[in-house]
Protein chains: 2
Amino acid sequence: MREFDLLQHVFAANSGLPGTVIIGPGDDMGAVHVGEAEVLVTVDQIADGVHFRLADTPIAKIGRKAITRNLSDVAAMGALPVGAVAAVCLPRHWGEGHAEALFDALRGAAAAYACPLFGGDIAMWDSPLLISVTILARTGGVPALLRRGARVGDVVCVTGQLGGSLEPCGGRLQHLDFEPRLRVARALACAPNYRPHAMIDISDGLGRDLGHICRASGVAAELDARALPVSPAAIALAQRTGTPAWRHALADGEDYELCFTVGPEAPLPAAIEGVAITKVGVVTAAPTDERRALVSIRTPEDSWQAADSGGWEHTG
Amino acid sequence: MREFDLLQHVFAANSGLPGTVIIGPGDDMGAVHVGEAEVLVTVDQIADGVHFRLADTPIAKIGRKAITRNLSDVAAMGALPVGAVAAVCLPRHWGEGHAEALFDALRGAAAAYACPLFGGDIAMWDSPLLISVTILARTGGVPALLRRGARVGDVVCVTGQLGGSLEPCGGRLQHLDFEPRLRVARALACAPNYRPHAMIDISDGLGRDLGHICRASGVAAELDARALPVSPAAIALAQRTGTPAWRHALADGEDYELCFTVGPEAPLPAAIEGVAITKVGVVTAAPTDERRALVSIRTPEDSWQAADSGGWEHTG
């Protein structure tokens with residue numbers, strides 16, 4: 001059973017949610033009314049052996065990732081972070097110094113994005129390190145950007161460069177060192193004439209995450225492999241593995257860039273807040289045959305392939 | 001290193017929190033401003049082998065406890081639940097039926113307390129089941145009840161009966177089957193003439209949790225062992241172990257009742273919403289000698305003993 005299938009399944013009974021719930025399960029964040037305010041919430045967890053390897057990773061980077069992964073969800077909604085709480089299970093053999101370093105990293109990363117860590121829970125146990133972070137955010141006057149809303153004819157865009165997030169390159173590892181795209185996302189959400197119709201952050205791989213947009217929006221999409229902004233890490237990885245770099249850009253996951261769709265006439269700049277914006281495909285009508293892929297990609301050899309099922313999933 | 005010491009330590013660097021944080025780490029819930037609204041947040045986790053034993057516990061009860069434990073924190077603030085999100089690590093060998101039963105239980109328990117489950121994250125891994133729940137709440141027009149605020153001369157009160165939460169009794173187990181004291185707490189928070197000065201829920205044991213109130217309030221407290229409302233489970237347990245029942249009531253933990261302090265003249269009813277209210281002690285001045293206990297108890301034999309360090313802590 002894959003995680004996404006399971007999520008779909010367990011959250012299927014969504015229809016019974018009361019009117020205070022503005023956004024239910026199935027988007028990058030949920031949202032509820034608290035009095036007059038709309039509060040966005042996301043929860044995400046990282047575990048040793050699944051999302052990082054404690055033996056190979058500095059504690060400071062683990063703590064940072066636990067926060068920035070959730071901030072990438074805040075970015076996906078075009079929202080503004082408000083605060084974070086963390087629940088942590090520490091290996092019983094950890095000393096105070098380790099625990100302190102981890103919480104310094106959590107607190108520091110949160111504070112760096114104006115998202116104060118204001119609560120938490122700690123347990124000690126005989127299993128691997130696990131960090132679960134919940135972040136609250138606010139819309140700040142513009143509606144949240146959802147996965148649903150993509151329209152036939154939209155162009156599909158991504159921020160930054162994709163692929164090879166687990167490949168060391170230039171002294172960094174994208175899956176640990178990425179910058180959550182809060183500022184780009186906010187600029188997009190507030191843009192008068194190129195506000196996206198739908199947006200998601202790329203954690204499972206462009207193909208699969210665009211598939212989530214398509215499913216939520218009732219559309220399909222076609223990507224152009226030659227248009228993908230391939231990262232230097234993906235190029236290095238391709239040289240090592242023999243797999244074409246565009247495939248890494250399509251499917252590796254943990255890029256934590258944004259994928260969004262916007263009207264074909266929208267006057268999108270080439271970069272926002274110093275981050276490149278690249279058109280990588282178009283939104284098409286949903287296939288009438290449900291066995292057909294929602295996302296297809298035109299390879300450099302001009303053949304078409306399904307692209308929304310080859311994505312990356314935590315397998316550790 | 002004990003969990004509470006560790007929590008104290010890692011959250012010591014609280015002073016740098018921005019003005020949007022209304023309640024920082026160290027109370028039953030934190031609170032932040034989201035626009036004009038005050039949003040209360042608590043996160044709590046339960047793990048197989050630490051807070052329950054999967055082999056002995058129906059999945060439905062585990063899911064319920066993950067929710068009700070956090071609702072007990074909402075009660076401790078006198079607040080109203082708004083919604084919940086859950087992060088779950090499932091053992092990899094679990095089938096879909098297990099996962100479904102767990103989420104049904106989480107969703108059902110949350111819905112039963114007007115606290116819809118509106119988001120979550122699922123991972124599968126090779127370690128024990130772990131459920132982390134975050135609950136949002138609102139103050140609904142009355143200030144949250146904090147741990148600080150107890151005054152010298154206050155009486156110390158508890159709801160319900162205490163002790164033996166792990167002892168099967170009358171077909172139930174308090175630590176799984178408890179009713180979070182949301183209605184009693186709300187009635188107390190809204191009471192015009194007996195609103196508590198300080199409140200906490202009893203999860204670590206009355207002695208230790210009253211110690212948290214004392215530490216936060218800069219006071220001390222004296223309990224009377226003969227006044228403690230001892231539960232039938234504590235009496236049954238005492239017969240088996242030979243330890244006096246009042247000691248179980250003082251220190252067992254996981255009662256999920258409320259402990260609060262209120263002015264000595266407050267016209268407290270004997271029961272609120274059908275739940276007994278019992279006066280068990282008084283608030284005194286903080287000791288000048290910091291080696292002295294913050295909470296002491298007068299035994300049935302009229303000797304005094306320290307009571308805030310003998311509490312229960314997860315040791316599994």
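Listed residues A:34, A:82, A:50, A:74; which is under 20 Å from the mean Cα position of the chain (by Cα), closer than 18 Å to residue B:43 by Cα and aliphatic (A, V, I, L, M)? Working first, answer last.
Values: A:34 fails: under 20 Å from the mean Cα position of the chain (by Cα); A:50 fails: closer than 18 Å to residue B:43 by Cα; A:74 fails: closer than 18 Å to residue B:43 by Cα.
Every option except A:82 fails the conditions.
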Looking at the stretch B:169-189, which of its residues are modelled with pLDDT under 95 and in a loop (DSSP other than H, G, I, E, B)? B:170, B:171, B:173
Give the number of residues within the stretch B:55-71 that are in contact (Cβ under 8 Å) with a residue 60 or more places away in the chain, away from every other protein chain (no Cβ under 13 Å) and under 20 Å from residue B:167 (Cβ atoms). 6
Being part of a helix (DSSP H, G or I) and either crowded, with 23+ Cβ neighbours inside 10 Å or of a type in the set (Val, Ile, Thr) (or both) is the filter here; which residues of the stretch A:222-236 pass it? A:225, A:233, A:234, A:235
Taking the conditions exactly as written (more than 11 Å from chain B (Cβ to nearest Cβ) and open to solvent by less than 10 Å² (accessible area, probe 1.4 Å)), does residue A:87 satisfy them or not? no
Testing residue B:142 on (1) modelled with pLDDT of 95 or more; (2) closer than 30 Å to residue A:23 by Cβ; (3) crowded, with 21+ Cβ neighbours inside 10 Å; (4) in contact with a helix residue (DSSP H, G or I) (Cβ under 7 Å, 6 or more places away or on another chain), one condition comes back false. Which one is that? (3)
Exactly one of A:99, A:110 is at pLDDT below 95 and either assigned to a helix (DSSP H, G or I) or more than 9 Å from chain B (Cβ to nearest Cβ) (or both), and that residue is A:99
I'd like the residue in the stretch B:270-286 that is open to solvent by 40 Å² or more (accessible area, probe 1.4 Å) and in contact (Cβ under 8 Å) with a residue 60 or more places away in the chain and, out of all such residues, is farthest from residue B:215 (Cα to Cα). B:273
If you check residue B:155 against the conditions, is it open to solvent by 10 Å² or more (accessible area, probe 1.4 Å) and either within 14 Å of chain A (Cβ to nearest Cβ) or modelled with pLDDT of 95 or more (or both)? yes
Consider the stretch A:24-39. How many of its residues are part of a strand (DSSP E or B), facing chain B (nearest Cβ under 7 Å) and small (Gly, Ala, Ser)? 2
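Among the residues in the stretch B:306-314, are any closer than 20 Å to residue B:172 by Cβ, polar (S, T, N, Q) and surrounded by fewer than 15 Cβ atoms within 10 Å (Cβ to Cβ)?
Scanning the stretch B:306-314, I find no residue that is closer than 20 Å to residue B:172 by Cβ, polar (S, T, N, Q) and surrounded by fewer than 15 Cβ atoms within 10 Å (Cβ to Cβ), so the answer is no.
Quickly run through the stretch B:251-266 and pick out the residues that are under 15 Å from residue B:167 (Cα atoms) and either open to solvent by 10 Å² or more (accessible area, probe 1.4 Å) or not in a loop (DSSP other than H, G, I, E, B) (or both).
Correct list: B:251, B:252.
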Looking across the stretch A:120-141 at residues that are under 16 Å from residue A:91 (Cβ atoms) and β-branched (Val, Ile, Thr), the single one that is nearest to the chain's Cα centre (by Cα) is A:131
Please verify whether the stretch B:108-117 includes one or more residues that are closer than 21 Å to residue A:128 by Cβ, open to solvent by 10 Å² or more (accessible area, probe 1.4 Å) and hydrophobic (A, V, I, L, M, F, W, C). no
All positions within the stretch A:202-221 that are assigned to a strand (DSSP E or B) and touching a Gly at 6+ places or on another chain (Cβ under 8 Å): A:221
Kindly establish whether residue B:170 is farther than 24 Å from residue B:38 by Cβ, touching a strand residue (DSSP E or B) at 6+ places or on another chain (Cβ under 8 Å) and open to solvent by 20 Å² or more (accessible area, probe 1.4 Å). no
Please tell me if residue A:81 is closer than 20 Å to residue A:195 by Cα, more than 10 Å from every other protein chain (Cβ to nearest Cβ) and in contact with a Cys (Cβ under 6 Å, 6 or more places away or on another chain). yes
Is there a residue being touching a residue at least 24 places away in the same chain (Cβ under 8 Å) and crowded, with 20+ Cβ neighbours inside 10 Å anywhere in the stretch B:95-102? yes
Across the stretch B:120-135, the tally of residues that are within 7 Å of another protein chain (Cβ to nearest Cβ), closer than 14 Å to residue B:107 by Cα and open to solvent by less than 10 Å² (accessible area, probe 1.4 Å) stands at 2
Within the stretch B:172-195, does at least one residue satisfy the condition of being among the hydrophobic types (A, V, I, L, M, F, W, C), over 27 Å from residue A:87 (Cβ atoms) and in contact with a helix residue (DSSP H, G or I) (Cβ under 7 Å, 6 or more places away or on another chain)? no
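The values are calculated or read from the model by the stated rules, or taken from the named source; none is laboratory data. What you see is a predicted model; the values in this text were computed from it and never measured. Ideal geometry is used to build each Cβ from the backbone, glycine not excepted, and the neighbour counts take in all protein chains shown. The accessibility values were calculated without ligands, DNA or RNA, using every heavy atom of the protein model including side chains. Shrake-Rupley method; radii C 1.70, N 1.55, O 1.52, S 1.80 Å.
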